[in-house]
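What follows is one structure encoded as structure tokens, with my remarks underneath.
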Amino acid sequence: LGTVLGYVTMACIRLAIVITATELLFHINWGVNPLLPFLLLFAMITMVTSIGMVMGQIFKTEAAAAPVGHSFIIASAFFGGAYVTLDNLGPLGSVGKYFSLIWWANAGIINQIYNDDYSYMKTAFIIFITGTLLLLGLSVLLMKRKEVYANG
């Protein structure tokens, strides 16, 4: 829990600096209530941190976890629309985007800011919070299992 709180706190401080700086210096529109995009990104940060915690429990070394982590980052960015627009990918992009954390966060924030539509944001919150709880639960189970093996 301490590790998760530490990583999430540091990431949220950076996120708050970015949101504040972009709003003040570049007049970026974060919507009527900039707290909502911040909270959505906070939920995503927490889920990504939880993914890292589970990977740390599953893999013994950083060298073993690195290829899986990098593959996850690339796939999530790809299906989040970071490299090409998803419309150009045809059916692969139409289905794959729903598995990308980045796509859900972007869709939630953009629809909230420009369309005053909170449906994607609500769905993204549900996905992120559910995923975080499941991953943290799995991490706790894996930690207990390691303790049993170490003591037993």
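What the table shows:
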{"quantity": "Single residue of region 93-119 satisfying the filter (open to solvent by 40 Å² or more (accessible area, probe 1.4 Å) and assigned to a loop (DSSP other than H, G, I, E, B)) that is farthest from Ile51 (Cα to Cα)", "calculated": "Asp116"}
{"quantity": "Which listed residue is of a type outside the set (Ser, Thr, Tyr), modelled with pLDDT of 90 or more and at negative phi, from Ile74, Ile109", "calculated": "Ile109"}
{"quantity": "Output for region 72-92, where each listed residue is free of Cβ contacts under 8 Å to residues at least 24 places away in the same chain, of a type in the set (A, V, I, L, M, F, W, C), in a helix (DSSP H, G or I) and over 28 Å from Leu142 (Cα atoms)", "calculated": "Phe78, Leu86, Leu89, Leu92"}
{"quantity": "Lone unmet requirement of (1) open to solvent by 70 Å² or more (accessible area, probe 1.4 Å); (2) in contact (Cβ under 8 Å) with a residue 12 or more places away in the chain for Gly69", "calculated": "(1)"}
{"quantity": "Cross-chain or 6+ apart pairs with Cβ under 9 Å, region 44-63 first and in a loop (DSSP other than H, G, I, E, B), then open to solvent by 60 Å² or more (accessible area, probe 1.4 Å)", "calculated": "Phe59/Val68"}
{"quantity": "Candidate set from region 77-92 (those that are surrounded by fewer than 18 Cβ atoms within 10 Å (Cβ to Cβ) and not hydrophobic (A, V, I, L, M, F, W, C)); member that is nearest to Tyr7 (Cα to Cα)", "calculated": "Tyr83"}
{"quantity": "Members of region 17-56 found to be crowded, with 19+ Cβ neighbours inside 10 Å and more than 20 Å from Thr3 (Cα to Cα), listed by number", "calculated": "Pro37, Leu40"}
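The values are calculated or read from the model by the stated rules, or taken from the named source; none is laboratory data. Predicted model, so just to flag it, every value in this text is computed and none were measured. Backbone-built Cβ (ideal geometry, glycine too); neighbour counts: all protein chains shown. Ligands, DNA and RNA are stripped out before the accessible areas are found, and what is left, the full protein with its side chains, is counted by its heavy atoms. Shrake-Rupley method; radii C 1.70, N 1.55, O 1.52, S 1.80 Å.
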